[in-house]
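The structure under discussion appears below in the form of structure tokens.
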Amino acid sequence: MGRRKAGRAALGAPLGLVLAVLPVAPAAAEAADAAPYGQPSTLCEITDPRLPELSGLAGAGETMLAMNDGGDRAEVYVLDGSCAVGDLRSADVDPYDPEDLALGSDGTIWLADTGDNNQTRDTVALIGLRPDGSSTLTRLTYPDGPHDAEALLLAPDGTPYLVTKEVLGASTVYRPDAPLADGATVPMSEVLRLGFTLTGTPGGPVGRAGQLLVTGGAVSPDGQRIALRTYTDAYVWPLAGSDVAGALGGSPARVALPESPQGEAITFAANSRDLLVSGEGLPTTVTLVPASGALEPAASTAAAEDTSSQGALAGSVSPLTAGLLAAVAATALVWVVGRFRRRQE
């Protein structure tokens, strides 16, 4: 827990001040006007004291899998339809900063130990909890230095994708260059870049900056949809086959989520269409966002293999917003450097 919280205050102060004057970019919200989702409702409330920092959810039939952000063991709690804990899956692995999880087709639960607020880690890791009680750990390296990532997407063919959490909304999608193997260190490659813009949806711990920060992800049980969330909004893409990069290169439906102090978890319900979202704190609500329309399957996009590819979200940044975001970056850098220097005096 303490390993990840230190960076949060540094994020909020400069960005909160400067983002307050940025205009909301309406282009990012255009797809949301026809978003095929209805009115959110409360599914259940988590009150178990063992889940104070819910960071990841995964659907498992009529149950849910839930994990904390932090801890000194890899632990996953099985929740029933009333959000009561019914079972615990664990392994003697001390994660650094687990942020998300996904359920594989073979029953393996994958934990993304990928949090890195201060961007100092040489490697991140994927921890697998197998149905037979054994575990596996694969370390991963980025091609361009450390990143903070809180979203794991597990393609239907079992390929994992990590989506970074970036303070200016310029997230990058990475994929391992080789199959996961226990004890191995596997390099990753960049496969896509996504650009998130301000939406005007309230929520999150860092003001309007929360509209840009990717905090969770999921692939539907039937393999036909992808979801990413920020502190305030969900984005849903149709998926064809296991072409996650190609799907993310298309246009998503945006869904404004109910205001939450720290919304970090998202998954699909058993019907593979409705969304389930939640976040940190006790008690915390698991909210059901019902699907009310159909998403057409996305066509496979070979161009998404090019590491220079840009997701459809990226085109929504106006020149004015881009300039102001550059000012945010400069302001944040000056603020952080100033704090560092003061600490050295």
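The values are calculated or read from the model by the stated rules, or taken from the named source; none is laboratory data. All figures in this text were calculated on a predicted structure; none of them were measured in a lab. Glycine also receives a Cβ, built like all others from the backbone with ideal geometry; neighbour counts cover every protein chain displayed. To get the accessible areas, we keep the full protein, side chains included, count just its heavy atoms, and leave off ligands, DNA and RNA. Shrake-Rupley method; radii C 1.70, N 1.55, O 1.52, S 1.80 Å.
The one condition from (1) small (Gly, Ala, Ser); (2) at pLDDT 95 or above; (3) at positive phi that GLY71 does not meet is (2).
Within segment 52-72, how many residues are assigned to a strand (DSSP E or B) and either over 18 Å from the mean Cα position of the chain (by Cα) or closer than 14 Å to GLY86 by Cα (or both)? Walk me through it before giving the result.
First pass over segment 52-72, keeping only residues assigned to a strand (DSSP E or B): 54-60, 63-68.
Within this subset, residues satisfying the condition of being either over 18 Å from the mean Cα position of the chain (by Cα) or closer than 14 Å to GLY86 by Cα (or both) are 60, 63-67.
Summing the residues that are assigned to a strand (DSSP E or B) and either over 18 Å from the mean Cα position of the chain (by Cα) or closer than 14 Å to GLY86 by Cα (or both) in segment 52-72 gives 6.
In the condition set (1) touching a Lys or Arg at 6+ places or on another chain (Cβ under 9 Å); (2) surrounded by fewer than 20 Cβ atoms within 10 Å (Cβ to Cβ); (3) not in a loop (DSSP other than H, G, I, E, B), PRO202 is compliant with all but (3).
Where strands (runs of 3 or more DSSP E) sit wholly within segment 85-175, those with at least 2 residues that are surrounded by fewer than 18 Cβ atoms within 10 Å (Cβ to Cβ) and of a type in the set (Gly, Ala, Ser) occupy 85-91.
Among residues of segment 205-234 being in contact with a Gly (Cβ under 6 Å, 6 or more places away or on another chain) and part of a strand (DSSP E or B), the one that is surrounded by the most Cβ atoms within 10 Å (Cβ to Cβ) is ARG229. When restricted to residues that are in contact with a Pro (Cβ under 9 Å, 6 or more places away or on another chain) and either at pLDDT below 95 or not aliphatic (A, V, I, L, M) (or both), segment 90-122 contains 14. Within segment 250-262, residues that are closer than 21 Å to LEU239 by Cβ and part of a loop (DSSP other than H, G, I, E, B) sit with their Cβ atoms under 9 Å from residues that are open to solvent by 30 Å² or more (accessible area, probe 1.4 Å) and modelled with pLDDT of 95 or more, at 6+ positions apart or across chains, in these pairs: LEU257/PRO40.
Tallying residues that are under 14 Å from ALA151 (Cα atoms) and within 14 Å of the chain's Cα centre (by Cα) within segment 234-265 yields 7.
If you go through segment 287-307 and keep only what is touching a Pro at 6+ places or on another chain (Cβ under 8 Å), modelled with pLDDT under 60 and either hydroxyl-bearing (Ser, Thr, Tyr) or open to solvent by less than 70 Å² (accessible area, probe 1.4 Å) (or both), you end up with just ALA298. Among the residues of segment 67-81, some residue qualifies, meaning at least one is touching a Ser or Thr at 6+ places or on another chain (Cβ under 7 Å), surrounded by 15 or more Cβ atoms within 10 Å (Cβ to Cβ) and among the polar types (S, T, N, Q).
For ALA265, indicate whether it is in a helix (DSSP H, G or I), at pLDDT 95 or above and open to solvent by less than 10 Å² (accessible area, probe 1.4 Å). Taking the combined requirement at face value, the residue does not satisfy it. Taken over segment 274-286, residues that are touching a Ser or Thr at 6+ places or on another chain (Cβ under 7 Å) and crowded, with 22+ Cβ neighbours inside 10 Å amount to 6. Number of residues in segment 259-292 that are in contact with a strand residue (DSSP E or B) (Cβ under 6 Å, 6 or more places away or on another chain) and under 12 Å from THR42 (Cα atoms) equals 10.
Can we say PRO252 is surrounded by 23 or more Cβ atoms within 10 Å (Cβ to Cβ) and closer than 24 Å to ASP157 by Cβ? Lay out the reasoning, then the answer.
Numbers: surrounded by 23 or more Cβ atoms within 10 Å (Cβ to Cβ): yes; closer than 24 Å to ASP157 by Cβ: yes.
The answer is yes for PRO252.
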